[in-house]
Amino acid sequence: MKIYINDIPVRIRDREKESSKKFDVTLDSEVDDIQAIKLKGKVLINEKSHEAINRLLHIMTDKKYSKIKQIEIRVKNKVKAQQYLKSKFDIVEAAGGVVEKDGKTLMILRNDLWDIPKGKLEKGEKRSEGAVREVEEETGVKVQREEKICSTWHTYIRNKKYVLKKTTWYRMICLDDSEMKPQKEENIQKTVWMTESEVDVAMLHSFKTIEQVVEKYRKLLKKVAN
C-alpha cells in the first residue's frame, strides 16, 4: 500500500520483502519515537507499532516536510497495519479517468497545477459510474469507460478531521468533445488535449499521485497494444 501525504509517497510493506534500495535514514524498533522533522531523503522505518505509524502519518498530514523524499515502512503484518490505519482516518472514495483522443490525453489545470479529472463518489454510486460522471461534469467531454488503471491513496484534513482518500482510475475513450469546457465551480481553469511530451512537461507542475497514474496508464496502453 502506498499513501501520498503532502505529495510524499509512504509505502507500507511486509518486512519479509527485502529490497535493494538504499536509504538515507533508517529507524529500527529500538528507537522509541518517530519525529518527522528529523527525517530526510529516503527513509526506512522498521518494526514500529501501528500507533507510532499512525502518529507519523498524522504529523505529516499536518505539515509539509520538503526534505523527505519517500518513506518505506516495514511491518510484520501489512494487512493488519493497513486495517489499523484505515480505522484511524475518515475514508472517502473518489474516481476519475485518463481520457484519450487521437493519441492525446485530456488534462485539466486546477488551482494552477495540472491534474486528471476526478471527484468524490455519490452515496451508493459505483466507482465505474462515478468516474464517468465526474469526468463529464468537470470537462464537458462525453466518454466511454474502458479498463481500470489503478487506485491511489492520499491524506488531507477536512473540518479538522483526518481523511484517507482512495481514488480509482480508469482508461477512457473520448466520444464527443464539442462542448469541452472547464467546470469553474471546481476551480478548474483549463481543459487541454496534450501529446505525450506535453504531458511530461505538465508533470513538472503536478502531483506525484498524478505522475503515478500517468505511468500506470502508459504501461496499460503497452499491454493493450500487445
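Things worth noting here:
- Tail fraction, Cα-Cα pairs, the range 25-104, threshold 14 Å, whole percent: 69 percent
- Modelled label positions at Ile157 and Ser128, each set 7 Å beyond Cα in the direction of Cβ, lie 3.9 nm from each other.
- DSSP-defined beta bridges in the range 39-170 - what % are antiparallel, rounded to 5: 55 percent
- Here each label is just a point 7 Å from Cα along the line to Cβ, and for Ile91 and Asn77 those points are 1.7 nm apart.
- Beta bridges per DSSP with both ends in the chain, % antiparallel, nearest 5: 55 percent
- Computed from backbone phi with θ = phi - 60° and the Karplus coefficients 6.51, -1.76 and 1.60, the 3J(HN,Hα) list for the range 198-208 is 5, 5, 4, 5, 4, 5, 6, 10, 9, 10, 5 Hz; x is used for glycine and proline.
- If you model the range 90-225 as an ellipsoid using its alpha carbon gyration tensor, with each semi-axis the square root of five times an eigenvalue, the axes come out at 22, 16, 16 Å, biggest first.
- For Arg133, Arg74, order by how many other beta-carbon atoms lie within 10 Å, fewest first: Arg133, Arg74
- Zero-based 5 Å bins, Cα pair distances in the range 117-193, whole percents: 3, 14, 22, 22, 22, 11, 4, 2, 0
- The alpha-carbon atoms of the range 62-105, seen along their principal axes, cover 47, 28, 23 angstrom, with the largest extent given first.
- With 19 Å as the limit, the listed pairs Lys2/Lys86; Lys86/Lys165; Lys88/Lys165 all fall inside it between alpha carbons.
- Part-to-part distance (alpha-carbon centres) for the range 134-154 and the range 101-119, which is given in Å: 10 Å
- Comparing Glu146, Glu185, Glu196 in a Gaussian network model of the chain (Cα springs below 10 Å), the most mobile by mean-square fluctuation is Glu185.
- Among Lys148, Lys184, Lys216: highest mean-square fluctuation, GNM of the chain, C-alpha pairs under 10 Å: Lys184
- Computed over the alpha-carbon atoms, the range 2-146 gives an Rg to Rh ratio of 1.06, Rh here being the Kirkwood radius from the mean inverse distance.
The numbers here are math on the coordinates, done by the rules we state, and not lab data. Here the structure is a predicted model, which is why all the values come from computation and not from measurement. Methodologically, a virtual Cβ is constructed for each residue, glycine included, from the backbone with ideal geometry; neighbour enumeration extends over all protein chains shown.
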